[in-house]
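Worksheet: the structure to be examined is printed underneath.
The values are calculated or read from the model by the stated rules, or taken from the named source; none is laboratory data. The structure displayed is predicted, hence computed values, not measured ones. Neighbour counts run over all protein chains shown; Cβ positions are idealised from the backbone, glycine included.
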Amino acid sequence: MRACIARGLYGHRGRMDHSRTPVLDALSEFRHRGDVVFGPPGHRQGRGVDPRVLTILGEGVFASDVLAMNGLDDRRNSQGVLQDAQDLMADAVGAEHAFFSTCGSSLSVKSAMLSVAGPGEKLLISRNAHKSVVSGVIINGTVPGWVHPKFDAERHLAHPPEPDDVRRAFQQHPDAKGMLLITPTDWGVCADIQGVADVCHEFGVPLIVDEAWGAHLPFHDELPTWGMDADADVVVTSVHKMGAAVEQSSVFHLQGDRVDPTVLAQREDLLATTSASSLVYASLDGWRRHMVEQGRELLTRTLALAARAREEIGAIDGIEVYGQELVEEGYAFEIDPLVLAIDVRGLGITGYQAAELARARHHVDFGASDTCRINARLTHADDDASVDILVATLRKIVEDARSAETPPPVDFPSAEGLELETVLLPRDAFFAEVEQVPAEKAVGRVAAEMVTPYPPGVPVLAPGERISQEAVDYLRSGVAAGMLIPEAADPEVTSLRVVRES
Ligand SMILES: Cc1ncc(COP(=O)(O)O)c(C=O)c1O
């Protein structure tokens, strides 16, 4: 937000005719023409789909599921349908280039990383990264220079690193090709993107921002800073998260000359599917038009809803909803007001229990939950009725908590306990000869797997890190209290996968 104001808000945007929707129009024409198709998809726009499936999914889904080449456009892509839609997206959000990606930000972050640091090259990465970034480190063969987040020990909450942390990291790793920052976090805490971008540029390298949770940010000046307004070079968003596109809809945004758009496009092509979903493209196209035409008004209403929700939730005994105090304490640069991070420790239950009670007893599903809290995200799709349900559910959870089982205590690590030493390249550790050893014997050994409480999905252990007693105690006690670690070889963490010692 601050960077936008400094620059004169959104002056560089919206030069194109945003009433146009090239992908939606092409789909509509395709359906209207009634093309007879002999290529994929084999369901032939729904004709071959079992009616029982159509009853649930709807006919429109299949009627609009077409190939990009020789479907949305001709064999030569001569109408430039996709390019046109991407140009409109770039124009809408103040980027020079936008690329649609149909495999979620999980793939986009990997491609963005690869476009800045090739195999064996170094990239500074905020260690509160999502597991998709850590998998990128493994697959891409990136040499990570981890930049540790600021840790709020009272709330057990990690905040993105600050510009000075990044400067120190560049001094320590002068060969780093760039930096990857994650903001907003799952809990709505935002980094000083402009400050970090300035440091990166001082060192002559690009900043990538994983703004997976920030698709709404370009469309309202009272929301936190959008990476393209704060001089980031590449920004990745998941439009399905805070926006209105279907799942897996992700967009890369690019500006400046530190990352070559052809390099980004070609490296993305290495990882991407050759059968991109037209449903993703179409919903991205429609989202952009909707936001340009009505985003400000819709998000103004959502901000007012969030303010009301904060006030009413804040008045419930035993529950705390985080707000501006996170910023004042110097932990966060900004917070996203639409993310309600709700601390339930005062009720004597964990966030896991709160989320389970809400779903099982009240049919209300929260976003992330952890040992301390749950989050509720409001989008432009929410209204007074959904906020009433949210507040009423939290009141009911206060009641439910009285008879809930007391959770076993969690051994929270200290800030240092989470800063593990990297002794092997994550890729080398992951692909090494491994063994599964009892957790107590894993202390001091080198992790060969990611151990990630999910959601929110930030790995406690990354391959190549030396496992500490604190990390093991945290994971074991966390699992006993309801933490889920679905992808670990042993999700119960009674044992851990470590590099075999010769
Ligand atoms: C910070 C962050 N980056 C990337 C991703 C991956 O995004 P997607 O689910 O769109 O693949 C997530 C998913 O939650 C995330 O939280």
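Please verify whether region 439-446 includes one or more residues that are in a loop (DSSP other than H, G, I, E, B), of a type in the set (A, V, I, L, M), in contact with a Ser or Thr (Cβ under 9 Å, 6 or more places away or on another chain) and closer than 21 Å to Pro149 by Cβ.
Within region 439-446, none of the residues are in a loop (DSSP other than H, G, I, E, B), of a type in the set (A, V, I, L, M), in contact with a Ser or Thr (Cβ under 9 Å, 6 or more places away or on another chain) and closer than 21 Å to Pro149 by Cβ.
Here's the yes/no breakdown for (1) buried (at least 18 other Cβ atoms within 10 Å of the Cβ); (2) at pLDDT 95 or above; (3) in contact with a His (Cβ under 7 Å, 6 or more places away or on another chain); (4) part of a loop (DSSP other than H, G, I, E, B):
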| site | (1), (2), (3), (4) |
| --- | --- |
| Gly11 | no, no, no, yes |
| Arg20 | no, yes, no, yes |
| Glu29 | no, yes, no, no |
| Asp35 | no, no, no, yes |
| Val66 | yes, yes, no, yes |
| Arg76 | no, no, no, yes |
| Phe99 | yes, yes, no, no |
| Lys110 | yes, yes, no, no |
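Could you list, in sequence order, all residues of region 150-181 that are under 22 Å from Ser115 (Cα atoms), under 20 Å from the mean Cα position of the chain (by Cα) and away from the ligand (no atom under 16 Å from the Cβ)?
The one that is under 22 Å from Ser115 (Cα atoms), under 20 Å from the mean Cα position of the chain (by Cα) and away from the ligand (no atom under 16 Å from the Cβ): Gly178.
Tally up the residues in region 226-255 that are surrounded by 24 or more Cβ atoms within 10 Å (Cβ to Cβ), within 16 Å of the ligand (Cβ to nearest atom) and not in a helix (DSSP H, G or I), please.
Residues meeting the conditions: 14.
Listed here are the residues, each with its yes/no results for (1) of a type outside the set (A, V, I, L, M); (2) farther than 30 Å from Ser369 by Cα; (3) out of contact with any Cys (no Cβ under 6 Å at 6 or more places or on another chain); (4) in a helix (DSSP H, G or I).
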residue	(1), (2), (3), (4)
Leu270	no, yes, yes, yes
Ser275	yes, yes, yes, no
Tyr281	yes, yes, yes, yes
Trp287	yes, no, yes, yes
Met291	no, no, yes, yes
Leu298	no, no, yes, yes
Ala304	no, no, yes, yes
Arg310	yes, no, yes, yes
Gly318	yes, no, yes, no
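So Arg167 passes all but one of these: (1) without any contact (Cβ under 8 Å) to a residue 12 or more places away in the chain; (2) touching a helix residue (DSSP H, G or I) at 6+ places or on another chain (Cβ under 6 Å). Which condition number does it fail?
Of everything listed in (1) without any contact (Cβ under 8 Å) to a residue 12 or more places away in the chain; (2) touching a helix residue (DSSP H, G or I) at 6+ places or on another chain (Cβ under 6 Å), Arg167 misses just condition (1).
Considering only region 256-276, I want to know if a residue exists there that is within 16 Å of the ligand (Cβ to nearest atom), surrounded by fewer than 20 Cβ atoms within 10 Å (Cβ to Cβ) and among the hydroxyl-bearing types (Ser, Thr, Tyr).
yes
Report whether or not Asp192 is within 24 Å of Gly323 (Cα to Cα), more than 10 Å from the ligand (Cβ to nearest atom) and either modelled with pLDDT under 95 or assigned by TED's automatic domain parsing to the domain that holds Ser108 (or both).
So Asp192 fits the description; yes.
Are any of the residues in region 416-431 modelled with pLDDT of 95 or more, hydroxyl-bearing (Ser, Thr, Tyr) and buried (at least 16 other Cβ atoms within 10 Å of the Cβ)?
Yes, region 416-431 contains at least one residue that is modelled with pLDDT of 95 or more, hydroxyl-bearing (Ser, Thr, Tyr) and buried (at least 16 other Cβ atoms within 10 Å of the Cβ).
Identify, by number, the condition in (1) within 12 Å of the ligand (Cβ to nearest atom); (2) surrounded by fewer than 24 Cβ atoms within 10 Å (Cβ to Cβ); (3) β-branched (Val, Ile, Thr) that Ile208 doesn't meet.
Looking at each condition in turn, Ile208 falls short on (2).
I want to confirm something. Restricting to region 473-482 and keeping residues that are surrounded by fewer than 23 Cβ atoms within 10 Å (Cβ to Cβ) and touching a helix residue (DSSP H, G or I) at 6+ places or on another chain (Cβ under 8 Å), which single residue is nearest to Gly141 (Cα to Cα)?
Only one residue fits best here, namely Arg476.
Please give the number of the condition Pro184 fails out of (1) farther than 27 Å from Gly120 by Cα; (2) in a strand (DSSP E or B); (3) within 16 Å of the ligand (Cβ to nearest atom).
(2)
Within region 433-472, which residues are within 16 Å of Ala488 (Cα to Cα) and among the small types (Gly, Ala, Ser)?
Ala439, Ala442, Ala447, Ala448, Gly457, Ala462, Gly464, Ala471
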